[in-house]
Each structure stands twice: as C-alpha cells, then as structure tokens.
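The values are calculated or read from the model by the stated rules, or taken from the named source; none is laboratory data. A quick note: this is a predicted structure, and the numbers were derived from the prediction, not measured. Cβ placement follows ideal geometry from the backbone for every residue including glycine, while neighbour counts extend to all protein chains displayed. Areas reflect the complete protein model, heavy atoms only, side chains present, ligands, DNA and RNA absent. Shrake-Rupley method; radii C 1.70, N 1.55, O 1.52, S 1.80 Å.
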Amino acid sequence: MEKYVPNIFFAFILIAGIGYFVMNVRKLIRNIKLGKDIDRTDRKPERWKNMAKIALGQYKMVRRPLSGILHIVVYLGFILINIEVLEIVIDGLFGTHRVFQPLLGNGIYGFLIGTFEILSVLVLVAVIIFWFRRNIERIKRFWNKEMEGWPKNDGNIILYFEIVLMSLFLIMNATDTPFQEAGAGNIISQFIAPWFHNFSHETLHTIEKTAWWLHIVGILIFLNYLYYSKHLHILLAFPNTFFANLKPKGEFTNLESVTNEVKMMMDPSADPYAMPEDGAEEEMPEKFGASDVTDLNWVQLMNAYTCTECGRCTSSCPANLTGKQLSPRKIMMDTRDRLEEVGKNIDANGGEFKPDGKQLLDDYITREELWACTSCNACVQECPVNIDPLSIIMDMRRYLVMEESAAPQELNMMMTNIENNGAPWQYSQMDRLNWKDE
C-alpha cells in the first residue's frame, strides 16, 4: 500500500487543481451571463475565420513585430511543451516513468522531447526580453497610472511563472539518467546535465523527482491563477474573437423604441396616442444605455475578462495622447473589476445581488473619461483580440444623455439647435443656405 501513496497524492492534487479551476470557470460563465442577451451567431464562416486568424494565428499581434513575434514564441512554446503534461499525468497516476518512450520509440519520442527542449529555451529568452522591456526599458504603455499595484505585479508574476516552469522542465530532463543515457531528445538538457555530474545517482533521482513534482504542481497553480490574472485571455481570446462585432466600425446600434418614435414624428399622419395594433401597450425599455455592468451585453462583459492589459488601445487613443483622462484599457479593467465585485456580492448573498449603492458609472468610470472619447475606433482597431471598449463608452454616454440629460453644455446646445433649427448651428432654417450667395 505504501508504494501507492505518491500515486494517491498525485490523484488528489490533480482532482483538487482541476476541480478548483472548473469552479472558477463556472463562476466566470455566471458573471458573463449577467449581461444582456445579444445575438452574435450570424456570418459563422467569417467568425471562424477571424478566430483562426486572430486568436490562433496572432494576426494582429505582429503589427508590432518585436513584441508580436516574441508573443508567438511564448504562446506556441508554452502550449506545445505542455503536451507533455499528458505523459506526466499518466506517470503520476500509474507510477510509470516516461510511459510514451517505449510506445513511440526513441526516434519519435526523441524528436518530440527535443522539440520541446528547444521551445523551452526560446520561451525563456522571449520571457526575459519581455521582463527587460517591462521593468528596465520601462515602455510607457506598461506604466500608465491604471497599471499600478496588482496589474503591475500580475504582469511580472506570470513572467516568473514561465521562467520557473521552463527551467524545471529542462532540469527534470537533465537529471533523468536513463533519459540522458538513451541520448534521444536531450538536445538542450545534455548541456545542463554536466552541472550535476558530481552528484550521486540517488541525489540525481531526488532532484529529478523534485523538479517533476514542482513542474506539475506549478502547472496546476498556473491553471488556477489564470482566473485572477489578465492572462485569462489565453482561454477567452478564442470565443472573444468568434463573437466579436462584424459590423463596420463606426456603425452604432439604434434603440428600436427610439427609432419608432422618430419615424412617428416624421409621419404627419401618425397618431402619437394610438395604441399598438394588437391593443397591448407598447413595452418600454427598462433603461436607456448603461450605468452598471448588468446593463451591458454579455459580449461586452466577456471583452472585459479577455482584456490583456497590453495597452495598445491606450497608446493609440488620441484623447489619451493629448493628455485627457480617458484610457480605453482602464475602461475594460474597471468593467472587469466592477463585474467581479457584483459576482462576489452574489456569492455572499446566496445567489442574489444585494444592492451595494455602487455602479460602474461614477464609482469606477468617470464622466470626464466618457466624454473625452472621440469615438474614432482606434482602440478597437488596435486590440489584438478584438475587444471593443468604444461600445461600453457609447452605451454609458447614451445613459447620461437619455436617462440623466447630463450631456456637456456644447452637446446640449447642438442637440437643441438640431431640434429647433434642423441643423447644429444656431440660426433658423430659412438662413441655412445663405452661404451660397456669398
């Protein structure tokens, strides 16, 4: 029985790690579903193409070549290397050692492990460059005011995670004496193995098993860390790009109730007091625009969780570049933070939300930020995973205008002129064409 203790312990941490991850995924889905319904199932071929090109192919990342190529190296390397987790799981559950080596033969197995070792070194180099760019070169978009505290630390923690996991993988291979003696796949680890040549066989075995255990436990910790990290985009980038808005940029949604009202105003024969044809009262919208996360649609909430905090949107925002308060990245981070707060409220109150006197507007996102936006769509264009901060900004503006009549004075004057004069300018309709006589 004693010899099965490691296998039982392995099964326990595996079930615990995956179970906690599943619990957080269910919570994530629950929070996203707090958003209003929206249909994003049209034009499926185009959606699949976008997902393949943008999420899998990293198409928009390489617009900035250095960071884009490094990101592809880390992304592909980390994903492919973790294919070996399947072997680790089988070995851990059944007490085997490199179970695939005799099954695949030294040729195929050596090719796979050799490829993984090369990728691990490339990932290490890329991650070190990322760390240097973030902490030594101090690229401006990583040091905006919204990137203080946890967002700043999170960016570094994930880099340290990757350095440790890749190093453990190489050490595990370098101290595995039978693997080194077989000479199949130890393309990189053969140069690390001499560092341990003075160690006894028992010590090498201990180091190898320690690295093996730390590697799998580290992967499970990393898996569960994703929920609390900006690196949740590793999972959400795929559905986020699939369900992204395919309409032309600059085309905004119209409220059907408002559209019908305008049509009626333009119809001289319309009776404003007439009842609908079926005799039922017309259903009025619950709220115009959005003041809190539950007023947004579920795709916008998924956008918030998918945000990579890379800052490409903010670094391209003309309002931010001219010193305005607006940062599209902060809009997404604030939306996610408020959504998490709402989710915790629901958890603490038996599955129901208890009003907390707070909302996304004012408590997280200021009105100054919203009105600083020029609605140019630069943030939408630049996002590497097709996030749409502008849609949230416009929905919150709609709330301010239509629910609170709280537009800036200049905008109120313009709308009043349009209402009275049919033009944004403050002169009568009879004088609108006087310019042609000058």
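Given the criteria over 20 Å from the mean Cα position of the chain (by Cα) and within 22 Å of residue 182 (Cα to Cα), does residue 84 qualify? If you could, list the steps in order and put the result at the bottom.
Details: over 20 Å from the mean Cα position of the chain (by Cα): yes; within 22 Å of residue 182 (Cα to Cα): yes.
Answer is yes for this residue.
Can you go through 215, 201 and tell me which one is at pLDDT 80 or above and either more than 23 Å from residue 117 (Cβ to Cβ) or open to solvent by 80 Å² or more (accessible area, probe 1.4 Å) (or both)? Steps first, please.
Working: 215 fails: either more than 23 Å from residue 117 (Cβ to Cβ) or open to solvent by 80 Å² or more (accessible area, probe 1.4 Å) (or both).
Within the list 215, 201, the selection yields 201.
Looking at the stretch 414-430, I want the residues that are open to solvent by 100 Å² or more (accessible area, probe 1.4 Å) and have a partner that is at pLDDT 75 or above with Cβ atoms under 8 Å, at least 6 apart or on another chain. Which pairs are those?
Close Cβ pairs satisfying both conditions: 425/417; 426/413; 426/417; 429/421; 429/422; 429/423.
Listed residues 269, 315; which is touching a Lys or Arg at 6+ places or on another chain (Cβ under 9 Å), polar (S, T, N, Q) and either modelled with pLDDT under 95 or farther than 15 Å from residue 147 by Cβ (or both)?
315
Among 98, 47, which is the only one that is assigned to a helix (DSSP H, G or I) and surrounded by 17 or more Cβ atoms within 10 Å (Cβ to Cβ)?
After ruling out the rest, the residue left standing is 47.
Of these, 54, 88, 29, 38, which one is over 27 Å from residue 296 (Cα atoms) and of a type in the set (Val, Ile, Thr)?
One residue alone meets the criteria, 88.
I need the full set of residues from the stretch 11-29 which are open to solvent by 70 Å² or more (accessible area, probe 1.4 Å), more than 25 Å from residue 307 (Cβ to Cβ) and in contact (Cβ under 8 Å) with a residue 24 or more places away in the chain, in order please.
18
Take the residues in the stretch 307-326 that are polar (S, T, N, Q) and in contact with a Pro (Cβ under 9 Å, 6 or more places away or on another chain), then tell me which one is nearest to residue 377 (Cα to Cα). Explain how you work it out, then say what you get.
Taking the stretch 307-326 and keeping what is polar (S, T, N, Q), we get 308, 314-316, 320, 322, 325.
From what is left, the residues that are in contact with a Pro (Cβ under 9 Å, 6 or more places away or on another chain) are 308, 314, 316, 320.
On the way: 308: 18, 314: 11, 316: 10, 320: 13 Å.
Looking at residues that are polar (S, T, N, Q) and in contact with a Pro (Cβ under 9 Å, 6 or more places away or on another chain), I get 316.
Could you grab me the full set of residues in the stretch 231-266 that are of a type in the set (A, V, I, L, M), under 25 Å from residue 397 (Cα atoms) and at pLDDT 90 or above?
244, 246
Any idea which residue in the stretch 57-66 is most open to solvent (accessible area, probe 1.4 Å), counting only those that are in a helix (DSSP H, G or I) and either touching a helix residue (DSSP H, G or I) at 6+ places or on another chain (Cβ under 7 Å) or at pLDDT 90 or above (or both)?
Out of the qualifying residues, it is 62.
Which one is most open to solvent (accessible area, probe 1.4 Å) among residues in the stretch 135-182 that are β-branched (Val, Ile, Thr) and part of a helix (DSSP H, G or I)?
In the first step, residues of the stretch 135-182 are kept if they are β-branched (Val, Ile, Thr); the result is 136, 139, 157-158, 163-164, 171, 175, 177.
If we keep only those that are part of a helix (DSSP H, G or I) too, we end up with 157-158, 163-164, 171, 177.
Values: 157: 55, 158: 3, 163: 51, 164: 79, 171: 55, 177: 36 Å².
Checking each candidate, the answer is 164.
Just give me the residues in the stretch 235-257 being free of Cβ contacts under 8 Å to residues at least 12 places away in the same chain and either closer than 20 Å to residue 41 by Cβ or in contact with a helix residue (DSSP H, G or I) (Cβ under 6 Å, 6 or more places away or on another chain) (or both), in sequence order. Please lay out each step first, then the result.
Quick first cut of the stretch 235-257, residues free of Cβ contacts under 8 Å to residues at least 12 places away in the same chain only: 235, 247-248, 251, 253-254, 256.
Answer for the stretch 235-257, where residues must be free of Cβ contacts under 8 Å to residues at least 12 places away in the same chain and either closer than 20 Å to residue 41 by Cβ or in contact with a helix residue (DSSP H, G or I) (Cβ under 6 Å, 6 or more places away or on another chain) (or both): 247, 248, 251, 253, 256.
Residue 88 fails exactly one of the following numbered conditions: (1) assigned to a helix (DSSP H, G or I); (2) open to solvent by 10 Å² or more (accessible area, probe 1.4 Å). What is the number of that condition?
Failed condition: (2).
Quick check on this structure: which one of 8, 54 is without any contact (Cβ under 8 Å) to a residue 40 or more places away in the chain and part of a helix (DSSP H, G or I)?
8
Out of 32, 38, 54, report the one residue that is open to solvent by less than 70 Å² (accessible area, probe 1.4 Å) and in contact with a Lys or Arg (Cβ under 6 Å, 6 or more places away or on another chain).
None of the other options fit; the residue is 54.
Among what's in the stretch 184-197 and is in contact (Cβ under 8 Å) with a residue 24 or more places away in the chain and not in a helix (DSSP H, G or I), pick the residue that is nearest to residue 102 (Cα to Cα).
This residue is 184.
Within the stretch 345-353, is there a residue that is open to solvent by less than 60 Å² (accessible area, probe 1.4 Å), at positive phi and over 22 Å from the mean Cα position of the chain (by Cα)?
First pass over the stretch 345-353, keeping only residues open to solvent by less than 60 Å² (accessible area, probe 1.4 Å): 345-346, 351.
Then keep just the ones that are at positive phi; that gives 351.
So of that shortlist, the ones also over 22 Å from the mean Cα position of the chain (by Cα) come out as 351.
Scanning the stretch 345-353, I find at least one residue that is open to solvent by less than 60 Å² (accessible area, probe 1.4 Å), at positive phi and over 22 Å from the mean Cα position of the chain (by Cα), so the answer is yes.
From (1) closer than 26 Å to residue 115 by Cβ; (2) part of a helix (DSSP H, G or I); (3) touching a residue at least 40 places away in the same chain (Cβ under 8 Å), pick out the condition that doesn't hold for residue 224.
Failing condition for residue 224: (1).
Considering only residues of the stretch 117-132 that are crowded, with 17+ Cβ neighbours inside 10 Å, in contact (Cβ under 8 Å) with a residue 60 or more places away in the chain and closer than 16 Å to residue 189 by Cα, which is nearest to the chain's Cα centre (by Cα)?
Of everything passing the filter in the stretch 117-132, 120 is nearest to the chain's Cα centre (by Cα).
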